[in-house]
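All remarks here apply to the structure that follows.
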Amino acid sequence: MISYIFLTLANVTVCFIIGYYGRQRKIGFAISFLISLLLTPLIGIICVLMSERIDSDGDQGTNQKTEKSFDLERYRKS
């Protein structure tokens, strides 16, 4: 009985750690934690590692929407 409780707490702790590393990625804490908890921690860490890293200034890679709006500004009639 105690071993099941220990294994469950260990699993949730590992999932929390994976979620903590996921917060620095595009996937975020909640999604990485839930994937790890509902599937397995191994699949969770694979998903976190495959997700894009968030830049230090908060941007998530290249922002295509900003680039498109910049191009539209250039061709807008004054």
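Worth a mention:
- For region 1-46, projected area of the alpha-carbon convex hull averaged over all directions, nm²: 2.8
- For the pair residue 49 and residue 23, the difference between a 0.36 nm per residue extended length and the Cα-Cα distance amounts to 8.2 nm.
- If the chain linking residue 8 and residue 38 were pulled fully straight, counting 0.36 nm for each residue of separation and taking away their Cα-Cα distance, it would gain 9.5 nm.
- For residue 27, the residues whose amide H sits under 5 Å from its own are 52, ignoring neighbours fewer than 5 places away on the same chain, with H placed 1.01 Å from N.
Just so you know, all these numbers are worked out from the coordinates, no wet-lab data involved. What you see is a predicted model; the values in this text were computed from it and never measured.
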